[in-house]
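> One structure, pasted below without further comment.
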Amino acid sequence: MEHKGNYNFTDIEAKWQTYWAEHNTFETKDEGSGKPKYYILDMFPYPSGNGLHVGHVEGYTATDVMARYKRMCGFNVLHPMGWDAFGLPAEQYAIKTGQHPELTTEQNIATFKEQLQKIGYSSDWSKEISTTDPDYYKWTQWIFLQIYKKGLAYESFAPVNWCPELGTVLANEEVIDGRSEVGGFPVEKKPLRQWVLKITEYADRLLDDLELLDWPESTKEMQRNWIGRSTGAEITFKVDGTDHTFDVFSTRADTLFGATFCVLAPEHPLVSEIVTLDEKDRVEDYCEAAKDKSEVTRTDVKREKTGVATGAFAINPVNGERLPIFVADYVLMGYGSGAIMAVPGHDERDHIFAKKYNLPIKRVLSPKSSHESLISIEEEAFLGEGILVHSDFLNGLEKAEALARMHHEIEKRGFGKRKVNYRLRDWIFSRQRYWGEPFPLAHDKDGKVHLVDEKDLPVTLPEMSDFKPSKTGEPPLSKAKEWCEVILNGVQCQRESNIMPQWAGSCWYYLRYIDSQNSKEAWGKEKERYWLPVDLYVGGVEHANLHLLYARFWHKILYDLGLVSTKEPFKKLIHPGMILGPNGEKMSKSRGNVINPNDVIREWGADSLRLFEMFLGPIDQPKAWQTQGISGTHRFLKRVWRLLVEEDGTLSSKISHKEEDLETKKLLHKTIKKVTEDTENFSFNTAIAAMMELLNFCYKKESLSFTTAKSFVLLLAPYAPHIAEELWLKLGNKKSVSDVSWPSYEEGLIKEKTVKLAVMFSGKARGTVDASVEASQEEVISLVSFDEKLSKYLEGEKPKKIIYVPGKVINFVI
RNA sequence: GGGGAUGUGGUGAAAUUGGUAGACACGCUAGAUUUAGGAUCUAGUGCUGCGAGGCGUGGGAGUUCAAGUCUCCCCAUCCCCACCA
């Protein structure tokens, strides 16, 4: 490493990492310290076998810069780390290699932890947790019991998302375009007994309380869309000649007069009840075929619409018309009531279906523009705004009035009611895998649920050699016969053999950190009141509709139970933009563009890596790794070193106790202000640029004051902590730089009295004059007229108008 | 189809309330120096032109003394959701 000059980052970094560990430098004192608290949280990693990647380093460096900065600013900072260690990859790896997931998890955690320490992550490791630790998941199970007792967990036998490849059921949030989020395997609908949490009961609050959060607007919008609140009406239709009725949900009750048929989803329970003898075979075949279709084909928007008539008719409650009832798979059982009133005149899907099966199409909205009224309703559905026609009491009304009137009429006549519908489904909370939290409950022979007593928690995972998932949906734990047998409340029971999903442990981990050693309760109330909410949460946007929604949901339940004191868990949220490979593509093994932080640290050092990742661009933007770029931040650190340290390792002779000259002093104070504000605003790239400017300036000077040198090192400390500690020591200080106060600046030194004032002629910039910020317009005009270059623009011209903005610009309009 | 974001040199990017576009860095060019290194230092580097100058923030209009920034229209890329009734 000699060729890199005498800045020996390898030794320096190792030295200070050891120092911090031995001195418990980052130990967090609890409440009562008198300092304001600041809780900085990273989304804890899944400890995969690949170790940390540069994407992790980005987020963790950002929080670490903040943690170190806030400590120096006098905050009591909590900056913990732990492991979201339950989950599929460990289990899949275990099945492949025969190693128990507990073992691989342990090894991976050790690797991750070592890597985090190598990047200089300033965590209080005494707070470390792992979701797989029985002392941790004991409380995950305990929270589940509270949720169950509150009536928010229930068993469902409805069709669920079954992934044969993974051998487990998945939540809606884990299915993307009919495929599993993990692995991308096809997903089918299959009826299986499942535990479900009533997240829909919290839909409104999850939606409304987004207002309270300092989160990226796009993330809030994603959650709003995912919750998908829509207001409309539920309208009840009678089946002609029977006592059967069915409800449809519609946001466009104003078009009820335009309904010409109804459609039931193939899974709708009424289908088999109302189908006529003539149509029975065809309908049964159709429903059977729909069942076989995987979610991938079923939800394909571009697929041709198909359906069959049931032979039955519904009565339109508003005018008594007979409407044929169809079964078609473009109607989904999972949304609304699984039945629709079809208005082909004003709905594109219904229109396509009506054309295909020769069903009547009625116009009930008359377009306002003459252009649109030329298009026949037979040709295409009219989707725009219009005036109601052929609609009895609604005729002549606009949409909003018509809707209100119809809603009123529906309720008055008693064939329906106003209704709010959500796209959000209840959360399917059980998985047919091994490596997860067992449920703390069992069933007796009559299927009645018995809870495990709280004092008997945790229900630990049984040791098993064969924990492969089955093709049938039978959970692996059911093979642990002895474990399954249990007596609860004196009754012989079978333990629940499903496990909780991967997300369970991460729903409350931020609460455990504050009191991770507590064996009596999940967390102490005092500690909760002191530390919550999390002030800054940093992690990937991919969790917008998963972890970030689930954790908010659990938090609200805990709030209702009086177990936490805040409505929301995470006050401010930041998503680090993904770091792409040097070719601008997502880093992946198959693309061969993965950058390993270990290699980078070995070659350039952790400080260079930290600085580089923060300098690459705005924290929330995606950015491509620049293989050459790291030499820039490395060079900067080397220059910092050479500025302050002689080649023999002693303090540079340039540094003296002399009073600093005014120009340097001014720049120093400007830099302190800039770095302070930019760090506060997470604008790390520009903060680093400001430090570079100050360095470049000092580097050319013959001498430097102790004050300037010290302030500079302090500014650098959150970003490049190892070199900062070493330089701080060389500057004759005893304490760790982490225990020193952040430098302050004097506004008076920052305000410039004279500036380079821009001179414009008719809006074109032609040059500058040095003018006082207090100079009058006359003074500035005279400065311009005495300027050799600028005066010529004024010759022979009389400006029509002069705009003068002191300290900024003077513009002569000619 | 719906929602969101982004678009500035060869590259990553800067730019208070509209006020000299390109800070800082990478790369490149020339030179210096040397213990020949992915070292260091100096100068230069938006495009175009010998030059004065002209042109420049995805494209087009507009507001303004002045627009990367404000308004309208269009284009491209990325992300999320999607037969959602």
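> Given the residues A:Leu715, A:Leu749, A:Leu731, A:Leu727, which is the only one that is within 16 Å of RNA strand B (Cβ to nearest atom), of a type in the set (A, V, I, L, M, F, W, C) and in contact with a Phe, Trp or Tyr (Cβ under 9 Å, 6 or more places away or on another chain)?
A:Leu715
> Now a separate question. Quick check on this structure: which one of A:Val759, A:Val780, A:Val769 is within 14 Å of RNA strand B (Cβ to nearest atom), without any contact (Cβ under 8 Å) to a residue 60 or more places away in the chain, of a type in the set (A, V, I, L, M) and in a helix (DSSP H, G or I)?
Step by step, each of A:Val759, A:Val780, A:Val769 is checked, and only A:Val780 is within 14 Å of RNA strand B (Cβ to nearest atom), without any contact (Cβ under 8 Å) to a residue 60 or more places away in the chain, of a type in the set (A, V, I, L, M) and in a helix (DSSP H, G or I).
> Going by the conditions given, is A:Val600 away from RNA strand B (no atom under 15 Å from the Cβ), on the phi < 0 side of the Ramachandran plot, aliphatic (A, V, I, L, M) and touching a residue at least 12 places away in the same chain (Cβ under 8 Å)?
No, not satisfied.
> Mind telling me which of the residues A:Thr460, A:Thr472 ends up being at negative phi and modelled with pLDDT of 95 or more?
A:Thr460
> Suppose we filter the stretch A:508-547 for residues that are under 30 Å from A:Pro469 (Cα atoms) and without any contact (Cβ under 8 Å) to a residue 60 or more places away in the chain; how many remain?
1
> May I pose another question? Report the residue count in the stretch A:327-360 for those that are under 25 Å from A:Asp300 (Cβ atoms), more than 10 Å from RNA strand B (Cβ to nearest atom) and surrounded by 22 or more Cβ atoms within 10 Å (Cβ to Cβ).
Number satisfying all stated conditions: 4.
> Within the stretch A:678-686, identify whether any single residue is within 10 Å of RNA strand B (Cβ to nearest atom) and within 20 Å of A:Trp728 (Cα to Cα), and answer yes or no.
There is no residue in the stretch A:678-686 that is within 10 Å of RNA strand B (Cβ to nearest atom) and within 20 Å of A:Trp728 (Cα to Cα).
> On to the next question. Please count how many residues of the stretch A:501-538 are in contact with a strand residue (DSSP E or B) (Cβ under 7 Å, 6 or more places away or on another chain) and within 28 Å of A:Gln432 (Cα to Cα).
4
> Is it the case, given these coordinates, that A:Tyr804 is of a type outside the set (Asp, Glu), within 9 Å of RNA strand B (Cβ to nearest atom), outside any strand (DSSP E or B) and in contact (Cβ under 8 Å) with a residue 24 or more places away in the chain?
For A:Tyr804, the condition - of a type outside the set (Asp, Glu), within 9 Å of RNA strand B (Cβ to nearest atom), outside any strand (DSSP E or B) and in contact (Cβ under 8 Å) with a residue 24 or more places away in the chain - is not met.
> Assess whether A:Pro47 counts as being surrounded by 24 or more Cβ atoms within 10 Å (Cβ to Cβ) and at pLDDT below 95.
yes
> Among A:Thr97, A:Thr168, which is the only one that is farther than 30 Å from A:Trp20 by Cβ and touching a residue at least 60 places away in the same chain (Cβ under 8 Å)?
A:Thr168
> Would a scan of the stretch A:283-293 turn up a residue that is touching a strand residue (DSSP E or B) at 6+ places or on another chain (Cβ under 8 Å), closer than 30 Å to A:Leu397 by Cβ and within 15 Å of RNA strand B (Cβ to nearest atom)?
Checked against the condition, which is being touching a strand residue (DSSP E or B) at 6+ places or on another chain (Cβ under 8 Å), closer than 30 Å to A:Leu397 by Cβ and within 15 Å of RNA strand B (Cβ to nearest atom), the stretch A:283-293 yields no hits at all.
> In this structure, does A:Gln492 turn out to be more than 29 Å from A:Leu332 (Cβ to Cβ), in contact with a strand residue (DSSP E or B) (Cβ under 8 Å, 6 or more places away or on another chain) and touching a residue at least 40 places away in the same chain (Cβ under 8 Å)?
So A:Gln492 passes the test.
> Here is a further query. Run down A:Thr231, A:Thr242, A:Thr260, A:Thr255 and say which single residue is within 25 Å of A:Asp350 (Cα to Cα), surrounded by fewer than 16 Cβ atoms within 10 Å (Cβ to Cβ) and either touching a strand residue (DSSP E or B) at 6+ places or on another chain (Cβ under 8 Å) or of a type in the set (A, V, I, L, M) (or both).
Exactly one of A:Thr231, A:Thr242, A:Thr260, A:Thr255 is within 25 Å of A:Asp350 (Cα to Cα), surrounded by fewer than 16 Cβ atoms within 10 Å (Cβ to Cβ) and either touching a strand residue (DSSP E or B) at 6+ places or on another chain (Cβ under 8 Å) or of a type in the set (A, V, I, L, M) (or both), namely A:Thr231.
> Right, another one. Are any residues in the stretch A:603-649 crowded, with 19+ Cβ neighbours inside 10 Å, more than 8 Å from RNA strand B (Cβ to nearest atom), in a loop (DSSP other than H, G, I, E, B) and under 24 Å from the mean Cα position of the chain (by Cα), and if so, which ones?
Listed by number, the residues that qualify are A:Ile619, A:Trp625.
> Let me ask you something else. Could you list, in sequence order, all residues of the stretch A:372-406 that are at positive phi and assigned to a loop (DSSP other than H, G, I, E, B)?
Correct list: A:His390, A:Gly396.
> Does A:Ala314 satisfy the condition of being outside any loop (DSSP other than H, G, I, E, B), under 38 Å from the mean Cα position of the chain (by Cα) and either within 16 Å of RNA strand B (Cβ to nearest atom) or of a type in the set (S, T, N, Q) (or both)?
So A:Ala314 fails the test.
> On the given criteria, is A:Glu181 away from RNA strand B (no atom under 12 Å from the Cβ) and not hydrophobic (A, V, I, L, M, F, W, C)?
Spelling it out, it is not the case that A:Glu181 is away from RNA strand B (no atom under 12 Å from the Cβ) and not hydrophobic (A, V, I, L, M, F, W, C).
> Could you please let me know if A:Val301 is within 9 Å of RNA strand B (Cβ to nearest atom), of a type outside the set (D, E, K, R) and either at pLDDT below 90 or under 18 Å from A:Asn358 (Cα atoms) (or both)?
Yes: the conditions hold for A:Val301.
> Right, next: For the stretch A:784-798, give me each residue that is among the charged types (D, E, K, R), modelled with pLDDT of 75 or more and either assigned to a loop (DSSP other than H, G, I, E, B) or crowded, with 18+ Cβ neighbours inside 10 Å (or both).
Scanning the stretch A:784-798 gives A:Asp787, A:Lys792, A:Lys798.
> Can you name the strands (runs of 3 or more DSSP E) wholly within the stretch A:320-371 that have at least 1 residues being free of Cβ contacts under 8 Å to residues at least 40 places away in the same chain and more than 42 Å from the chain's Cα centre (by Cα)?
Counting at least 1 such residues, we get A:365-367.
> On to the next question. Out of A:Thr676, A:Thr627, I need the residue that is out of contact with any Asp or Glu (no Cβ under 7 Å at 6 or more places or on another chain) and either among the acidic types (Asp, Glu) or at pLDDT 95 or above (or both). Which one?
One residue alone meets the criteria, A:Thr676.
> Between a first residue in the stretch A:561-585 that is over 30 Å from A:Leu52 (Cβ atoms) and a second residue that is outside any loop (DSSP other than H, G, I, E, B) and aromatic (Phe, Trp, Tyr), which pairs have beta carbons less than 9 Å apart while being 6 or more apart in sequence or on different chains?
So the pair list comes out as A:Ser565/A:Tyr559; A:Thr566/A:Tyr559; A:Lys567/A:Tyr559.
> Given the residues A:Leu103, A:Leu78, A:Leu52, A:Leu88, which is the only one that is within 27 Å of A:Gly184 (Cβ to Cβ) and modelled with pLDDT of 90 or more?
Exactly one of A:Leu103, A:Leu78, A:Leu52, A:Leu88 is within 27 Å of A:Gly184 (Cβ to Cβ) and modelled with pLDDT of 90 or more, namely A:Leu52.
> Now for a different question. Out of curiosity, is A:Phe382 aromatic (Phe, Trp, Tyr) and loosely packed, with under 15 Cβ neighbours inside 10 Å?
no
> Next question. Say whether the condition of being within 30 Å of A:Phe9 (Cβ to Cβ) and surrounded by 23 or more Cβ atoms within 10 Å (Cβ to Cβ) is met by at least one residue in the stretch A:134-150.
Scanning the stretch A:134-150 turns up no residue that is within 30 Å of A:Phe9 (Cβ to Cβ) and surrounded by 23 or more Cβ atoms within 10 Å (Cβ to Cβ).
> Give the residues of the stretch A:57-108 that are aromatic (Phe, Trp, Tyr) and in contact with a Pro (Cβ under 7 Å, 6 or more places away or on another chain), sorted by residue number.
Matches in the stretch A:57-108: A:Tyr69, A:Phe75, A:Trp83.
> Kindly provide the set of residues from the stretch A:730-769 that are of a type in the set (D, E, K, R) and touching a Leu at 6+ places or on another chain (Cβ under 9 Å), ordered by number.
Listed by number, the residues that qualify are A:Lys730, A:Arg766.
The values are calculated or read from the model by the stated rules, or taken from the named source; none is laboratory data. Keep in mind that this is a model prediction, so the values were computed, not measured. We place every Cβ from the backbone using ideal geometry, glycine too, and count neighbours over all the protein chains shown.
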